[in-house]
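Remarks on the structure that follows.
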Amino acid sequence: MKKLILMAALALGVVSANAQVTVEGSKFTDNWSFGVKGGMVTPMKHHAFFGNARGIAGVELRKQITPSFGLGVEGEWSVNTSSWMDFKSCTVFDHQYVGAFGALNLMNAFAGYKGTPRTFEIEAVAGAGWLHAYNHGKNSYQDDAANSWATKVGLNFNFNLGESKAWTIAIKPAILWNMGGSTKDFPGSNMHGVSCQYDANAAVVELMAGVTYHFKNSNGTHSFVTARLYDQNEIDALNAQINGLKADLENCAGNNAALQQKVNNLQAELDACNKKQPIVKEVVKDLNNVHYVFFRLGSSYIQENQKPSIEMTAQSLKNDANAKVDIKGYASPEGSKAINARLSQRRADAVKNVLVKKYGIDASRINAEGEGVGSVFSVPSWNRVAISTVK
């Protein structure tokens with residue numbers, strides 16, 4: 001017994017050390033599983049191993065504490081199909097065992113957990129519980145059922161199936177000892193009237209296979225998730241990055257305030273502009289009402305090829321009785337300022353005289369002025385012109 005206690009303490013130490021660094025914490029509702037199992041049970045001694053075997057079935061409910069260690073409860077019922085010690089119960093089930101157990105995953109405990117269950121794993125299982133014998137039978141000298149406490153050890157050879165490892169098929173050999181039986185309490189159960197201390201004469205061997213379903217966890221998987229461990233340098237780098245982002249955010253807030261103020265100022269200027277009365281300038285609505293008469297150097301004589309332009313001006317005035325015309329005469333830069341001033345006036349008057357005398361336009365509708373040297377055109381010689389604008 002002391003050896004078992006020492007082995008259990010060693011196993012728990014390994015589990016504790018392994019669990020500190022490998023996986024993230026989980027909720028109480030995570031890492032639960034439920035299984036069913038069945039097979040055969042037979043006395044360890046004094047009977048034919050297979051000849052006196054009986055059927056047995058059971059269920060398990062387990063909570064995995066770490067990837068290496070789990071706790072659970074189980075119930076098992078053996079079926080009365082063979083004779084032990086010339087006794088055969090009249091009930092269908094002749095024994096039942098209900099107990100608690102701990103399971104140590106040897107792969108994870110000694111080789112480490114890799115973030116997902118292995119396809120094949122071995123577990124060591126140990127537990128204790130209540131053993132009950134249904135003794136009602138034709139050969140029993142006691143009609144009362146018997147009770148005792150029992151211990152159980154075994155191995156689970158697990159095959160985890162599928163990508164998510166949600167299902168496990170296992171082979172489960174185990175030994176169960178009656179720890180307090182006597183012939184009086186357990187007639188027909190091979191206890192021989194002695195107080196049992198891991199006596200092979202008071203033990204049975206179980207050979208079972210089972211199927212277990214692992215319920216889905218809050219992390220979205222059916223198992224533990226490997227923790228992402230950070231060293232202090234990584235933590236310091238992440239904190240520096242966070243502080244930098246906070247500084248950027250504060251700068252953005254300041255820039256946003258400045259931009260908003262600029263927007264407000266522009267909006268105020270726009271509102272002020274919208275409130276101003278528009279400045280209306282008289283513009284030429286139609287370029288067809290602007291006509292050019294070009295002259296030779298130093299001349300105010302209207303050439304034949306320029307007369308169509310004067311005719312177009314006259315036609316515009318006749319079409320609109322309210323229209324008037326401004327005639328501006330210009331000179332090129334050759335010659336003195338006084339000569340060019342007089343020449344530009346003569347050119348404007350020459351166009352006016354044609355409009356009055358040839359086309360009968362009232363002189364009051366005509367304004368003719370000399371502007372001196374002109375700069376209307378970039379080519380100097382083109383500024384020997386009179387420009388008529390009908391309004």
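Results, tabulated for the structure shown:
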item	result
Among the residues listed as ASP286, ASP248, the single one being surrounded by 10 or more Cβ atoms within 10 Å (Cβ to Cβ), out of contact with any Phe, Trp or Tyr (no Cβ under 6 Å at 6 or more places or on another chain) and modelled with pLDDT under 90	ASP248
Qualifying residue in the stretch 310-321 (condition: assigned to a loop (DSSP other than H, G, I, E, B) and surrounded by 10 or more Cβ atoms within 10 Å (Cβ to Cβ))	yes
Residue that is modelled with the highest pLDDT, among those in the stretch 150-190 that are over 26 Å from GLY102 (Cβ atoms) and touching a Gly at 6+ places or on another chain (Cβ under 6 Å)	SER182
Residue list for the stretch 364-391, restricted to those being aliphatic (A, V, I, L, M) and either touching a Lys or Arg at 6+ places or on another chain (Cβ under 7 Å) or surrounded by 15 or more Cβ atoms within 10 Å (Cβ to Cβ) (or both)	ILE366, ALA368, VAL373, VAL385, ALA386, ILE387, VAL390
The listed residue being part of a loop (DSSP other than H, G, I, E, B), at pLDDT below 90 and of a type in the set (S, T, N, Q), out of ASN219, ASN256, ASN233	ASN219
Residue, nearest to the chain's Cα centre (by Cα), within the stretch 145-169, restricted to residues that are crowded, with 20+ Cβ neighbours inside 10 Å and within 17 Å of ALA57 (Cβ to Cβ)	ASN156
In the stretch 350-384, the residues that are in contact with a strand residue (DSSP E or B) (Cβ under 8 Å, 6 or more places away or on another chain), part of a helix (DSSP H, G or I) and among the hydrophobic types (A, V, I, L, M, F, W, C)	ALA350, VAL351, LEU355, VAL356, TRP382
Lone unmet requirement of (1) of a type in the set (S, T, N, Q); (2) out of contact with any His (no Cβ under 9 Å at 6 or more places or on another chain); (3) surrounded by 13 or more Cβ atoms within 10 Å (Cβ to Cβ) for SER223	(2)
Test: residue in the stretch 328-349 that is part of a strand (DSSP E or B) and open to solvent by 10 Å² or more (accessible area, probe 1.4 Å)	yes
Extreme residue, modelled with the lowest pLDDT, among residues of the stretch 269-283 that are open to solvent by 100 Å² or more (accessible area, probe 1.4 Å) and acidic (Asp, Glu)	GLU282
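The values are calculated or read from the model by the stated rules, or taken from the named source; none is laboratory data. None of these values were measured; they are calculated from a predicted model. As a convention, Cβ positions derive from the backbone with ideal geometry for all residues, glycine included, and neighbour counts pool all protein chains shown. The area values use the complete protein model at the heavy-atom level, side chains included, leaving out ligands, DNA and RNA. Shrake-Rupley method; radii C 1.70, N 1.55, O 1.52, S 1.80 Å.
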